[in-house]
Amino acid sequence: MMQLICCSRPGICSPLRSQVFSVPYKAGVQWKLSRRISSVTCARSSSQQLGSAVSRFWSLTQRSIRRSPKGAITPRGLKFLLGPAFLTVSSRLFCHVAHCQEDVNNNTPIEVVTKDSLPEFKWHILWEFVKPQLFALTCAVVLAFGAAILNIQIPLMLGHLVNVVARHLRDNTGNYIGEMRGPALKLLGMYGIQGLLTSGYIILLSRVGERVAADMRKTLFASLLRQDVAFFDANKTGQLVNRLTADIQEFKSSFKLVISQGLRSVTQTVGCFVSLYVISPKLTGLTVVVLPCLVGAGALIGSFLRKLSRLAQEQVAKATGVADEALGNVRTVKAFAMEERELQLYAYEVDKSCEMNENLGNGIAIFQGLSNVALNCIVLGTIFAGGTLISNNELSPGDLMSFLVASQTVQRSLASISILFGQMVRGISSGARVFEYLSLQPSIPLCGGGRIPHHSLMGRVDFMNISFSYPTRPGHEVLKKFNLMLPPSKTIAIVGESGGGKSTVAALLERFYDPSSGVIMLDGLDIRTLDLSWLRGQVIGFINQEPVLFGSSIMENIRFGKPEATDAEVIEASKQANAYGFITSFPEGFNTLVGERGATLSGGQKQRIAIARALIKNPSILVLDEATSALDAESERVVQEALDRATRGRTVLIIAHRLSTIQRADLICVMSNGRIVEAGTHLELLSKGGIYSDLIRRQRAEEKK
Ligand SMILES: Nc1ncnc2c1ncn2[C@@H]1O[C@H](COP(=O)(O)OP(=O)(O)OP(=O)(O)O)[C@@H](O)[C@H]1O
């Protein structure tokens, strides 16, 4: 690596080398180092070209000074002056190149935002988050502004120092240290204050950004949890999680960057332009013509590269999706011996992303080459024009030095404004996506409405003329004028063909959806007028085919049904659910961790914990949606025993495939195509010889096979 950055002019390379080798000392940034090394290589070749140009300029200036009537400056003096000017310019050039590359190469997803795809950015929502941080934010803005003002002053001070040295060299007085001490100390003081201001505003902005992001995350999560089930049918979980993570992260970064760098860049650009004009209106005129053209061209190429980068990242995401799916369903992949096929799929997507990234790399390389040439030309042009002005006594060398430093600052600021603009668009689009869900009101509000006192709650449910289509399939009517009465403390079973609408009945009772028409009554009251959190939390217990447990202890999972339950209540619920025996056989007992989604438990064990979780809230109505259909015969027997106990004294709605489990139900309803087509007890339906007896016959025949 050292070999790479060694060059014929150690004085030129040393600032670059020090910038580069300060990087590896930070852990985990080796990869950045290699990128920077390549930038240094580009900058070095540019610097060498620049070096030879300066040598030519130097000899021309010598000749011109010799011809100059006043002989304003000695050749030694000018050489002394141009050295630091050159170093400053080349190191700033290096920073610019590295900065451009970093922006294009950065790993955050870049999106092209079209007007149609962008949800509206709601400033008033942002204001709600920023308001509590207003004091800290104002302080940060003031400090950033102060640091930017000092940044304008510093080139002027440098120029003044150079003029002092030049004058002493010209007059050959030798002892210029004394005269330089004052301004140099002032300059050092300015550096110190600038450092303090910079640290101050970065700390404040970081705090503001983190707090705003944390508040946003909490509010968005709360808003997502408030949404009804139809919302989750329509939106993928991964995308929702993305809004909580990547979008808020992107918004936070943009927010911090745009405020800190945006303020600094705009102040510096304006301030430095004023300084440039004060130093030399003629040179400023030249800069005003050339710079915007270059920045505009750079922005155009930059946006094209971003588009390439977005496509490449989408391809990487596609490849990751293939790997994610294969690893997530590894048991299925192995069961079907499909490892080779998955590998081929993954390799195909990875190769495509590799090709796209190579194209992106080529684009970046061309962009860097062009920007190097353009920047060098500007520096060269300024030195030529400035040299002419010096030889005409219209400009001092110190002024040229100040001009070069200030014009580099302008250049850098304009470049960073164009980068910031892209960042701002990304931040706004991420923010808009976050705010879209923040202001979303669920169509079924969780709170509000009445409650029936526990002692007078009977648990009678009436489905009256219910018609329903899922919001994601508006034209497809799943329930058609559906009527059913669940008498208090009775067990009603629904059976029938797959897709007939059985689970939909249970979902409507839970108010996961509201019917398109018709009413569901609880003890004669429309359930839409009742408090939903009370209805779900205390009245209805729900157990389905695939109980989902949380990755915590058994105790916490059972307590999920009633957070305030005592240990004794948890133990009692587990006994009712036939779970106490197996739980206490574990070394950790109720503190046993169940693994992700209950992965360390058998199907029957998970189901019994789910039953305990439902029973602990002592619900008046119990809904069992194929609660035993995924179990083997032995597990089913144990779970069924628990369910028989659990259903006593409650209104129960059972949805079942295995007809053996519902024979003792008070009423069995056969559903077909969104309607009840047969109803009666097991014996009544058998004697009728209709669909039910047909189902029983088929099931018995299947069991005999
Ligand atoms: N979330 C949903 N969004 C859109 N359509 C759905 C949704 N859930 C179910 N459906 C559709 O509604 C119809 C009834 O589904 P439902 O789950 O109620 O039937 P089911 O009788 O319980 O079937 P199974 O016995 O196979 O569980 C089906 O056509 C199904 O495709």
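The residues of the range 530-554 that are surrounded by fewer than 20 Cβ atoms within 10 Å (Cβ to Cβ), in contact with a Leu (Cβ under 6 Å, 6 or more places away or on another chain) and either over 17 Å from LEU446 (Cα atoms) or of a type outside the set (S, T, N, Q) (or both), listed by number, are LEU532, SER553.
Figure legend. Inter-residue proximity from the range 276-287: first residues free of Cβ contacts under 8 Å to residues at least 60 places away in the same chain, second residues open to solvent by 20 Å² or more (accessible area, probe 1.4 Å), beta-carbon distance below 6 Å, spacing 6+ or different chains. Indicated pairs: THR284/TYR277. In this structure, does PRO563 turn out to be out of contact with any Lys or Arg (no Cβ under 9 Å at 6 or more places or on another chain) and either more than 30 Å from LEU509 (Cβ to Cβ) or within 16 Å of the ligand (Cβ to nearest atom) (or both)? Answer is no for this residue. Taking strands (runs of 3 or more DSSP E) as the structural unit, those lying wholly within the range 451-555 and holding at least 2 residues that are away from the ligand (no atom under 16 Å from the Cβ) correspond to 461-469, 477-486, 517-522, 540-544. SER265 meets the stated requirement of being in the same structural domain as GLY422 (by the TED database) and either among the polar types (S, T, N, Q) or surrounded by 15 or more Cβ atoms within 10 Å (Cβ to Cβ) (or both). Checking every residue in the range 175-182 against the condition of being modelled with pLDDT of 80 or more and either open to solvent by 40 Å² or more (accessible area, probe 1.4 Å) or closer than 25 Å to GLN261 by Cα (or both) gives at least one match. Looking at the structure I just gave you, is ILE527 touching a strand residue (DSSP E or B) at 6+ places or on another chain (Cβ under 8 Å), surrounded by 14 or more Cβ atoms within 10 Å (Cβ to Cβ) and free of Cβ contacts under 8 Å to residues at least 24 places away in the same chain? Considered against the rule, which asks whether it is touching a strand residue (DSSP E or B) at 6+ places or on another chain (Cβ under 8 Å), surrounded by 14 or more Cβ atoms within 10 Å (Cβ to Cβ) and free of Cβ contacts under 8 Å to residues at least 24 places away in the same chain, ILE527 comes out as yes.
Against the list (1) under 39 Å from the mean Cα position of the chain (by Cα); (2) more than 16 Å from the ligand (Cβ to nearest atom); (3) open to solvent by 60 Å² or more (accessible area, probe 1.4 Å), the condition GLU572 fails is (1). The set of residues in the range 682-694 being surrounded by 15 or more Cβ atoms within 10 Å (Cβ to Cβ) and more than 16 Å from the ligand (Cβ to nearest atom) consists of HIS682, LEU685, LEU686, SER693. So which residues in the range 424-464 are within 30 Å of GLY298 (Cβ to Cβ) and open to solvent by 20 Å² or more (accessible area, probe 1.4 Å), if there are any at all? Within the range 424-464, MET424, VAL425, ILE428, ARG433 qualify.
For the range 417-436, the condition of being farther than 30 Å from VAL241 by Cβ and either within 13 Å of the ligand (Cβ to nearest atom) or not assigned by the TED database to the domain that holds ASP247 (or both) holds for none of the residues.
Answer yes or no: is there a residue in the range 331-339 that is open to solvent by 90 Å² or more (accessible area, probe 1.4 Å) and touching a helix residue (DSSP H, G or I) at 6+ places or on another chain (Cβ under 8 Å). Scanning the range 331-339, I find no residue that is open to solvent by 90 Å² or more (accessible area, probe 1.4 Å) and touching a helix residue (DSSP H, G or I) at 6+ places or on another chain (Cβ under 8 Å), so the answer is no.
The condition (being assigned by the TED database to the domain that holds SER402, surrounded by fewer than 17 Cβ atoms within 10 Å (Cβ to Cβ) and free of Cβ contacts under 8 Å to residues at least 40 places away in the same chain) is satisfied by just one residue among SER199, SER206: SER199. Cβ separations smaller than 8 Å between residues 6+ apart or across chains give the following pairs from the range 333-362 residues that are free of Cβ contacts under 8 Å to residues at least 12 places away in the same chain to residues that are of a type in the set (D, E, K, R): VAL333/GLU339; VAL333/GLU342. Only one of the numbered conditions (1) modelled with pLDDT of 85 or more; (2) within 15 Å of the ligand (Cβ to nearest atom); (3) hydrophobic (A, V, I, L, M, F, W, C); (4) outside any strand (DSSP E or B) is not met by ILE444, and that is (1).
When each of THR584, THR504 is tested for being modelled with pLDDT of 90 or more and surrounded by fewer than 17 Cβ atoms within 10 Å (Cβ to Cβ), the lone residue that passes is THR584. When we screen ARG645, ARG675, ARG658 for residues that are modelled with pLDDT under 85, within 16 Å of the ligand (Cβ to nearest atom), of a type outside the set (S, T, N, Q) and more than 15 Å from ILE492 (Cβ to Cβ), the only hit is ARG658.
The values are calculated or read from the model by the stated rules, or taken from the named source; none is laboratory data. Model, not experiment: these values are computed from the prediction. Reconstructed Cβ throughout: ideal geometry from the backbone, glycine too, with neighbour counts over all protein chains shown. Heads up: the accessible areas ignore ligands, DNA and RNA and are worked out on the full protein's heavy atoms, side chains in. Shrake-Rupley method; radii C 1.70, N 1.55, O 1.52, S 1.80 Å.
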